[in-house]
Amino acid sequence: MQEKYNHLEVERDAQAHWTARDAYRVVEDARRKKFYACSMLPYPSGKLHMGHVRNYTINDMLTRYLRMNGYNVLMPMGWDAFGLPAENAALKNGVPPAKWTYENIAYMKGQMQAMGLAIDWSREVATCDPDYYKWNQWLFLKMLEKGIAYRKTQVVNWDPVDQTVLANEQVIDGKGWRTGAVVEKREIPGYYLKITDYAGELLDHVQHKLPGWPERVKLMQENWIGKSEGVRFAFTHDIRDAEGRLIGDGRMYVFTTRADTIMGVTFCAVAPEHPLATHAARSNPKLAAFIEECKRGGTTEAELALREKEGLPTGLAVFHPLTGEPIDLWVGNYVLMGYGDGAVMGVPGHDERDFAFALKYNLPILEVVHVDGETYDYHRWQEWYADKERGITINSDNFSGYNYQQAVDAVAHALEQKGLGEKKVTWRLRDWGISRQRYWGTPIPIIHCEQHGAVPVPEKDLPVVLPQDCVPDGSGNPLNKREDFLACSCPVCGKPARRETDTMDTFVDSSWYFMRYCDPKNDRAMVGEGTQYWMPMDQYIGGIEHAILHLLYARFWTKVMRDLGLVKIDEPFTRLLTQGMVLNEAFSRTGDKAGRQYYWAHDLDIVRDEHARVVSATAKADGKPVVYEGWTTMSKSKNNGVDPQDLIEKYGADTARLYTMFTAPPEATLEWNDAALEGSYRFLRRVWQCGHRLAGAASVAGYVQRLGAAGHFGKQTKALRREVHTVLKQVDYDYVRMQYNTVVSGAMKILNALEDFKGAGEQGADTAVAEGFGILLRVLYPVTPHVTHALWEELDYIGSHGELLDAPWPKVDDGALVQEEVELVLQVNGKHRGSVSVPAGASKEEIERLAVASEAFAKFGGGATPRKVIVVPGRLVNVVV
């Protein structure tokens, strides 16, 4: 056995061994308890980052630990390969997205293999593979048949220069991110999925069927689904269109959860796209210009929440449903046409947004709900204005004097009597628009015929294959220029027709890939027996950034598959772990052109205080100061990332794995520390050196047999075994709860105990040391599989337990935990004078006798006769003279 730890050689040999025996291939086995552990599939961006390393190591530790405990464990991997970044790379480099994507997949797969991950690569999938996305198309057609998928017009961001649709995040200050052109809002047809049909079940299952999910993720899901119980009612009006017809039958509907404040309405606002706004704009150029301005930029709630609330009066009025009073109608940039009815009632007295809007435009504010002991200030918002728990209605005619629920019930009844409203449950959740006017995605399997319109592609003709040699050039979707893709025949009449060029939202790809892992080679069905065996997934691992949409869509997709008879489960993921981000310090300087330049730490002279906090930093190149931005997520753009490949080459994959697991609990953020990384490497060298000494002593062979035959251990040997098995008991608990940082600290305690052992020569000493080191290797193996594999074989533990990969998890020896003697602090006249060993079950009288007879008392007692002996059980004995 080599004396020095050579991580490159150790990891190369271990990986070659695992590859040769196809160690991680997994098959369904009804005789064994299954466990499906899966990390969220990565986008093939080109290189792994340390967040990937952390995520996959968490999964790998779980996989290896459970395998040693007899589970049939599946850990697969694949690639979320469609999407906009590949198109952007194509624009930049002039290469097809397919070429860029597959090259990145190959490189990143090599990086994963270098990490020694226990991935079953026979189940690998790439979402850009026709064998995969064929089933996206197939299920879409099934949804179309069931009415779950449907077609309607949608408002999109249109870049008139690039001739393409932009995502909301690609619109910056109302302009296209690449061209700078003013973005237009266009209505074009697209396909939607009726996720709203499942809103109630999605919410109910969050609350009752996801006990293994973090509470904050469940809350995020609940808020996104957004169940609201309130009243939907109409403001009447007599506004007519150019033909003299009442717009909306003379009713403008709104929904509110605060019907108790209805007597405080002082204005109403509609979305820029609302029919009443469109009508008013025809004779009001200023309003028309405002509406056009509102249509620029994004249309998500998140963006509107950050946008300054602005409005313009229409000059029109609607009538209060209970009083008949005219209410001024405004157009507001904060009202979304896609949410509810595209109109809101303005109650500035009790809604913070409306309050600010009323102050800005000098609109009336009425207090109609009061809380005893509070004073209303019409110039300053106070939180109690919106308090529906303590509030009592005032200034509300017949509805005054009611609490919240009484007022809501009374108002709802009055509106219902007038035929203008009723109680209703609404949802924040909206149907999922899956049409994307982009190239690199799953083709939507629709054919457009002049006679028959939008016709589904026959199932026998799937997949509709996406050409892989297109190079986007910024002039729109390249599929529109591919006659070999566009030209086809109508499945109904056989006449010439054109294929749909929209592709599916990439969230479709990631909504079911975890099921395809279970049946990756099945060319006859989307899922099969493998899915019945492995699903639901037992442990899902991924970033908190996916806590809403990805998880919500995956849950919805699963329920649709269930309703179509494809699976038997309600929820796809039993347990969820959202790992923390990996952070590093960032340094920057604002350049001459107001651009921000980021610096690598190694290019700076950094001054730190005694707590290692940054005091100042200057660039080595010019000696000028740079700004310390603090801890932030690792990023290539901020020059604060750490390349896993460099790390693996310098220190080894085991060091990278050990460091990311030891530095912080899995859910917490990890602040990068080069000194701690070096410490992880030193620890592995110590483990290797301990193994080398043990191999030289030739004390491992047959230790299991000797352990079973051992009738007695020496005092220090018993103490060693007690320490090792005590730590093992805690480590076992920590593995179960996935607290992997304390698993590593437990391994460090075992190594310290072995290194500090002074009982060489005692009865059973060599056996206990061999046992302890074997336990250490098994405890460490899921964290650092390469070095432990090498030591396990070098020391021939394989002869006692078989190969480490499938070695049984060590069992705690309860007998070793029994403490025959305890050490008590010995005091003389209250001063610490040493210790005394007593039997674990010694009586008070026996403890007193042993204390008085001890060498320490003889030394410090001065020959005096004890007047009193005080015993604190389990802690100390004080002899008073």
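Every number in this text was worked out from the coordinates using simple rules, so none of it is lab data. This one's a predicted model, so the numbers in the text were calculated from it and none came from an experiment. So basically every Cβ, Gly included, is an ideal-geometry build from the backbone, and we count neighbours across all protein chains shown.
Values computed for the structure shown
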| quantity | calculated |
| --- | --- |
| Volume per residue of the C-alpha convex hull in segment 315-451, rounded to whole Å³ | 227 Å³ |
| Cα-based Rg / Dmax (Å) for segment 227-427 | 16.7, 55 |
| Cleavage-rule hits (trypsin sites (Lys or Arg not before Pro)) in segment 620-676: DSSP loop, at most 12 neighbouring Cβ within 10 angstrom | Lys620 |
| Orientation-averaged projected area, Cα convex hull of segment 582-633 (nm²) | 3.9 nm² |
| Mean projection area, nm², convex hull over Cα of the chain | 51.6 nm² |
| Around Gly746: net Lys/Arg minus Asp/Glu count, Cβ-Cβ under 14 Å | +1 |
| Sparse-neighbour loop sites [trypsin sites (Lys or Arg not before Pro); segment 800-853; at most 11 other C-beta within 10 Å; DSSP] | Lys811 |
| Electrostatic dipole magnitude of segment 162-277 [Cβ: Lys, Arg +1; Asp, Glu -1; Cα centre; debye, to 20] | 140 debye |
| Length released on extending from Gln451 to Asn362, taking residue separation times 0.36 nm less the Cα-Cα span | 26.4 nm |
| The chain, helix-only ellipticity at 222 nm - DSSP H runs n ≥ 4, -39,500 (n - 2.57), divided by all residues, nearest 500 | -11000 deg cm²/dmol |
| Dipole of the chain, positive direction: furthest Cα of Phe255, Gly373, Val769, with charges on the beta-carbon | Val769 |
| Segment 732-881, Cα convex hull volume normalised per residue, Å³ | 155 Å³ |
| Neighbourhood net charge (15 Å Cβ-Cβ; Lys/Arg +1, Asp/Glu -1) for Val881 | +4 |
| Proxy reagent accessibility, fewest Cβ within 10 Å first, across Glu3, Glu793, Glu243 | Glu243, Glu3, Glu793 |
| Given charges at beta-carbon only (K, R positive; D, E negative), |dipole| of segment 412-501 in Debye | 400 debye |
| FRET efficiency, Val182 to Lys286 (Cβ-Cβ, R0 22 Å, nearest 0.05) | 0.70 |
| Using a Förster distance of 30 Å, the FRET efficiency for His712-Asp13 (Cβ separation, nearest 0.05) | 0.15 |
| Over segment 572-670, equivalent-ellipsoid semi-axes from the Cα gyration tensor in Å | 30, 16, 14 |
| About the Cα centre, charge dipole magnitude for the chain (Lys/Arg +1, Asp/Glu -1 at Cβ), debye | 1160 debye |
| Charge context of Asp372, other residues only, Cβ under 14 angstrom, K/R +1, D/E -1 | -3 |
| Dipole of the chain, positive direction: furthest Cα of Trp100, Val455, Thr503, with charges on the beta-carbon | Trp100 |
| Per-selection Rg to Rh, segment 214-263 - Cα, Kirkwood hydrodynamic radius | 1.28 |
| Ascending count of other beta-carbon atoms within 10 Å, so fewest first, for Ile606, Ile775, Ile105, Ile444 | Ile606, Ile105, Ile775, Ile444 |
| Estimated FRET transfer efficiency when R0 is 30 angstrom, pair Arg21-Asp756 (beta carbons, to 0.05) | 0.20 |
| Compactness of segment 821-880, expressed as Rg and Dmax over alpha-carbon positions, Å | 10.1, 29 |
| Spin-label pair Glu222/Leu91, simplified geometry with 7 Å Cα→Cβ offset, distance in nm | 4.1 nm |
| Whole-Hz couplings from phi, Karplus 6.51/-1.76/1.60, listed for segment 132-142; x for Gly and Pro | 8, 6, 3, 7, 4, 5, 4, 5, 4, 5, 5 |
| Cα-Cα pairs of segment 413-500 separated by more than 19 Å (percent) | 56 percent |
| Listed peptides 171-182, 62-73 by packing density, highest first (mean Cβ within 10 Å) | 62-73, 171-182 |
| Segments 357-366, 132-141 sorted - mean Cβ within 10 Å per residue, highest first | 132-141, 357-366 |
| Prolate/oblate/rounded call for segment 151-303, Cα gyration tensor, a/c under 1.5 rounded | oblate |
| Over 22 Å (Cα to Cα) - which of Lys33/Lys218; Lys4/Lys47; Lys227/Lys388; Lys194/Lys424; Lys185/Lys495; Lys4/Lys650 fall in this group | Lys33/Lys218; Lys4/Lys47; Lys185/Lys495 |
| Whether segment 92-148 is rounded, prolate or oblate, judged on the alpha carbon gyration tensor where a/c under 1.5 counts as rounded | oblate |
| Projected-area mean, segment 658-817, by convex hull of Cα positions, square nanometres | 9.1 nm² |
| Fewest-first ranking of His452, His789, His49, using other Cβ atoms within 10 Å as the exposure measure | His452, His49, His789 |
